1. Within the stretch 5-38, list the residues whose amide N lies under 19 Å from a label point set 7 Å along Cα→Cβ of LYS106.
2. Compute the FRET efficiency between LEU11 and TRP149 as 1/(1 + (r/R0)^6), taking r as their Cβ-Cβ distance and R0 = 22 Å, and round to the nearest 0.05.
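Bear in mind these aren't lab numbers, they're just calculated from the coordinates by the rules spelled out. Bear in mind the structure is a predicted one, so any value in this text is a computation, not a measurement. Using ideal geometry, Cβ is built from the backbone for each residue, glycine included, and neighbour counts are taken over all protein chains shown.
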Amino acid sequence: MRRSKMKNALLIRLVLCLASVLLGLGLVGPCMTVSPSMGQPWDSWLAWLDPSELEPTTYSILGGILELMRTDSLGLGLLLLAFSVIFPAFKLATLWWAATVLKQGKPTGPAIWITHHGGKFSMLDVMVIAVFIVAIKGLPGDTEVTIAWGLFAFAGSVVLSIVASLLVKRLEQGASDQGRVAGVESASPRNKQG
């Protein structure tokens, strides 16, 4: 039983390590490239008048959030910052802490409960990016959006943090079940007589 607990703790740490690396890469890596185009014959006119308007722009998740905050969308930028950067980092930090505490045989407390129940918001930012891509593709003209590896790294981090959360919850339930069994054994009449 003890060996299984150690293997689970090691697996949780490996998953959390990979999720943490993917989160960092996903936040700063290229997420999408927008290649604006008005369609012919407008592109040739625009290229002649202002060629910079037709240059492709690459965004990272963090760069896109900062760009939103720098322009007139401070509220949306702050909302995305909370759910795309702060919440995932808090969730991973809480899971790291919970794995360490459970390995020592102590209860995790309310922070892990908040993390488990707040996990449903983990995919909110991925959905916002998907809606953004659909909105850009719906623009008139031939504007193209190309997805880059940063989005896949970020989505991988979200999925791995969900897996880690489930593993921590299972380890926590195993520890509490083991504590209940030990409590029942110490309270049994046989142990009180001897």
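1. 6, 9-10, 13
2. Working: r = 26 Å, r/R0 = 1.16.
Rounded to the nearest 0.05, the efficiency is 0.30.
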